[in-house]
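Trainee: Before I ask anything, let me first share the structure, which is written out below as C-alpha cells.
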C-alpha cells in the first residue's frame, strides 16, 4: 500500500463487479477507507473481505441509488461511520441497446434511472461533504469522478438512449466542475471504451449475441485499466485537475 490517500474516505457506486470493484480495490491500496455501494450484498461482502485481507478498510453499503432516499441515506451512513467523505466515484451504470423504434417498455426508464438519476442523487447528497473535505482535509482537495463512456462522445445506431445518458453525464460533469472549482473540489469524467465487464450481459437476447460478435476481434480493456485512470486523477496534487480521461481499447475504432 502506497498510502497516497491515507486518512481519506472514498465512496464507489456499482462496486459489486467490474470497474467499480477494481476501483474500490485500487483506492483501498492507496490507503483510502472505501465504502462499497451496490445492491448485491454477497458480492460487496466478498469485496470488503478482499480489501481487509490486503490490509485495507472497507464499509459495505447495500442500497439502490435509483431511490433518492436510499442514495441520500447511503451517503449519510458513510459520513456517520467513517467520519468524512473525500472521494466519490459514480460508477453504477446500465447499457441497454437496440433500435429506438422497437425498444421494450421500461428499458429507457431503467437506463435513465441508473445512469442519470442515480448519479444525480448520489452527487447531490455527497456535495456538502466533499466541499467540507476540500476545505479542511490535509490534502486540501476532494474529488468527484463520473464514469461515462466513449458513448458519451460518439453516437452510433442502436445506442441512442445510452448515448443520451452518457452525453448527459459528460455535460453535467463539465458544468459542475466550473461551479465548484474554486473550492478545490475536482470534478472529472472517465470515458471507457470496450471493457471486459458484465455490462453487455444486460442486453436482451438476440441483440446481446450481435453486439458480442462485433467485439470478438477486439482485445478488451480490463476493469483495472479504468481503475488505474481513476486512481491517477484522485492522487494528483491539489494544483492539478485532470478533467477528462478517454480510454479506448487499442483496436477500438469508435
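Only the coordinates and a few stated rules stand behind these numbers; no lab work does. Predicted model only: the values in this text are computed from it and were never measured. We place every Cβ from the backbone using ideal geometry, glycine too, and count neighbours over all the protein chains shown.
Trainee: Report, in deg cm²/dmol and to the nearest 500, the calculated mean residue ellipticity at 222 nm for the chain, where each DSSP H run with n ≥ 4 adds -39500 (n - 2.57) and the sum is divided by the residue count.
Mentor: That calculation yields -13000 deg cm²/dmol at 222 nm.
Trainee: What FRET efficiency do you get for residue 244 and residue 182 if R0 is 25 Å and r is their Cβ-Cβ distance, rounded to the nearest 0.05?
Mentor: 0.85
Trainee: What ranking do 100, 89, 247 get, fewest neighbouring Cβ atoms within 10 angstrom at the top?
Mentor: 100, 247, 89
Trainee: A further question follows. With everything on Cα atoms, drop me the angle between helix 18-29 and the longest principal axis of the chain, reported from 0 to 90° to the nearest 10.
Mentor: The answer is roughly 20 degrees.
Trainee: Moving on. Radius of gyration and Dmax for the stretch 13-55's Cα atoms, expressed in Å?
Mentor: Expressed in Å, the Cα Rg and Dmax of the stretch 13-55 come to 9.1, 25.
Trainee: Springs between alpha-carbon pairs under 10 angstrom, Gaussian network model over the chain: which of 149, 217, 69 fluctuates most?
Mentor: Of 149, 217, 69, the most mobile in the Gaussian network model is 217.
Trainee: Under 8 Å for C-alpha pairs, at least 6 residues apart: give me the relative contact order for the chain, rounded to a whole percent.
Mentor: Worked out over the chain, it gives 19 percent.
Trainee: What's the angle, to the nearest 10 degrees (0 to 90), between helix 223-234's Cα axis and the longest principal axis of the chain?
Mentor: For 223-234 against the chain, the angle is about 40 degrees.
Trainee: Against the longest alpha carbon principal axis of the chain, how many degrees, from 0 to 90 and to the nearest 10, is the axis of helix 119-136 turned?
Mentor: With rounding to tens, the tilt is 30 degrees.
Trainee: First check a/c for the stretch 107-164, with a ≥ b ≥ c the square roots of the eigenvalues of its C-alpha gyration tensor; if it is under 1.5, answer rounded, and if not, answer prolate when a/b is larger than b/c or oblate otherwise.
Mentor: The shape class here is oblate.
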